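Heads up: the structure comes next, in C-alpha cells.
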Amino acid sequence: MGNPVPGKNGNKYVPYSERTGNESVIYFTRDLSAEGLRKMYERVNEHITGKVAVKLHTGEPHGPNIIPRPWVKELFEKDLPDATIVETNTYYVGDRYTTEDHRKTIAINGWDFAPVDIMDEFGTADLPVTGGKWFDHIAVGKSLLDYDSLFVLTHFKGHTMGGFGGSAKNIGIGCADGRIGKAAIHTGSNSESFSIAEEEFMERMTESAKATVDHFGENITFVNVMRNMSVSCDCEGVDAEPVVTPNVGILASTDILAIDQACVDIVYAMMEDEHHDLVERIESRHGHRQLSYMKELGMGNNRYVLIDTDNGDVRMTAEDAVVGLVPFTE
C-alpha cells in the first residue's frame with residue numbers, strides 16, 4: 001500500500017449533535033457483576049453459534065483491573081460451556097511474548113477455568129482488509145479461522161498509545177499475531193522501530209479490526225465493561241496508573257463503532273474531576289481517530305439508541321448513565 005497522510009482530527013471530541021447517519025442499538029446495565037455480564041451477553045448473542053471464540057484481554061501477571069474472572073467463569077458455565085478463550089502473543093518482550101510464558105501468565109491470572117487458544121502458537125493466517133489505506137491484508141493468529149463466531153468481551157479503559165482501549169483495540173491488536181501482524185500495526189511507514197506517526201497507529205489498528213469484523217460478518221458481538229478504568233491498558237499490569245474514574249456499568253451491541261463511541265460519550269459526560277485524566281489520555285493520543293476512521297470504513301454508526309435495561313428498556317442518554325456515580329474506591 002502507499003503512504004497516505006493520516007487525518008488530524010483524532011484529538012477532537014465530536015458531540016452527538018454534530019454526528020449524522022443511522023442509529024444502532026446499545027444495551028446498558030449498571031449491574032457490574034456476573035449477573036450483569038450475563039444479562040448483557042444474552043441481549044446480543046443471537047448470531048453467536050457453532051464453535052465460539054471469546055476474545056478478552058487476559059492481562060499481565062496480577063493485573064489489578066482486568067475483568068473479574070469469576071464473572072467470566074459463570075458466563076462460560078451457564079451460557080458458553082463449549083467456548084474457548086482466545087489470545088495472541090505480544091509484540092513486546094515480556095510475560096506474554098512466548099506461548100510458554102503466556103500460558104503461565106494466563107494461569108496466574110486465573111483464566112485456565114476454560115480452554116485457552118493462543119491463536120498464533122502454530123503460525124499465522126492473512127485476512128483481507130477491504131478499503132484500507134495502510135493494509136490490503138493483516139496477519140492474525142492462524143487458529144482464528146477455526147471459529148464460527150466471535151464474542152468480543154472488552155475491559156474499556158485508557159491506553160498508552162491508542163488513548164483508549166475498547167472493542168476495536170481488543171480485536172485490532174488482540175487478534176493480530178505477535179510477530180507479523182502486531183509489528184505491521186505498531187511500526188510506522190517511515191520507521192522500523194516501535195514508533196509511529198500521529199494517528200497512523202489508530203488507522204492501522206482500525207483496519208486490522210475491520211478485517212476480523214468482516215471475517216465473522218453477523219457472527220460477532222461486543223460487550224464493553226466500564227469498570228476499573230485506569231488511563232493505562234491491562235498490558236501494563238501492576239504498573240498501571242491508579243484508577244480515578246468512577247465505575248459505570250456494562251454495554252452490549254452488535255455494532256463495534258457504536259459501542260466504543262458510547263463508552264467515550266459516557267466518559268465525556270462525567271464531571272471534570274471524574275474524567276479529566278482519561279479525557280486527557282484520549283485526546284493527547286488522538287484516540288478519537290479510532291472512531292472517525294471506523295465510520296469512514298463503514299464499520300458501524302456513531303449514533304445510537306442507548307437502552308436502559310435496569311428500568312424497563314427505556315431510552316437513555318450518556319448523561320443518564322453517569323447520574324449518581326460514586327468515586328472509585330477499590
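Here is a yes/no grid of residues against (1) closer than 28 Å to Pro242 by Cβ; (2) at pLDDT 90 or above; (3) under 11 Å from the mean Cα position of the chain (by Cα):
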{"site": "Ile171", "(1), (2), (3)": "yes, yes, yes"}
{"site": "Lys182", "(1), (2), (3)": "yes, yes, no"}
{"site": "Ser193", "(1), (2), (3)": "no, no, no"}
{"site": "Lys210", "(1), (2), (3)": "no, yes, no"}
remark   = Selection from region 31-67 of residues outside any helix (DSSP H, G or I), of a type outside the set (S, T, N, Q), surrounded by 18 or more Cβ atoms within 10 Å (Cβ to Cβ) and out of contact with any His (no Cβ under 7 Å at 6 or more places or on another chain) yields Leu32, Val44, Ile48, Val52, Ala53, Val54, Lys55, Leu56, Gly59, Glu60, Gly63
inquiry  = Is it the case, given these coordinates, that Gly162 is buried (at least 18 other Cβ atoms within 10 Å of the Cβ) and either at pLDDT below 95 or basic (Lys, Arg) (or both)?
reply    = yes
inquiry  = All but one of (1) in a loop (DSSP other than H, G, I, E, B); (2) over 18 Å from the mean Cα position of the chain (by Cα) hold for Ser17; state the number of the condition that does not hold.
reply    = (1)
message = For region 234-330, give me every one of the strands (runs of 3 or more DSSP E) that falls completely inside it and has 1 or more residues that are under 29 Å from Asn109 (Cα atoms).
response = 249-253
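Do the conditions hold for Asn228, that is, is it in a loop (DSSP other than H, G, I, E, B), in contact with a His (Cβ under 9 Å, 6 or more places away or on another chain) and either at pLDDT 90 or above or surrounded by 23 or more Cβ atoms within 10 Å (Cβ to Cβ) (or both)? Lay out the reasoning, then the answer.
Values: in a loop (DSSP other than H, G, I, E, B): yes; in contact with a His (Cβ under 9 Å, 6 or more places away or on another chain): yes; either at pLDDT 90 or above or surrounded by 23 or more Cβ atoms within 10 Å (Cβ to Cβ) (or both): yes.
Criteria met by Asn228.
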query = Here are some conditions: (1) farther than 18 Å from Ile180 by Cα; (2) touching a residue at least 24 places away in the same chain (Cβ under 8 Å); (3) surrounded by 16 or more Cβ atoms within 10 Å (Cβ to Cβ). Arg103 meets all but one. Which one does it not meet?
reply = (2)
query = Hey, among Pro15, Pro4, which residue is loosely packed, with under 15 Cβ neighbours inside 10 Å and either of a type in the set (Val, Ile, Thr) or at pLDDT below 95 (or both)?
reply = Pro4
request  = Being touching a residue at least 40 places away in the same chain (Cβ under 8 Å) and not basic (Lys, Arg) narrows it down to one of Val326, Val314, so name that one.
outcome  = Val326
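The values are calculated or read from the model by the stated rules, or taken from the named source; none is laboratory data. Predicted, not measured: the structure shown is a model, and the values here were computed from it. Ideal geometry is used to build each Cβ from the backbone, glycine not excepted, and the neighbour counts take in all protein chains shown.
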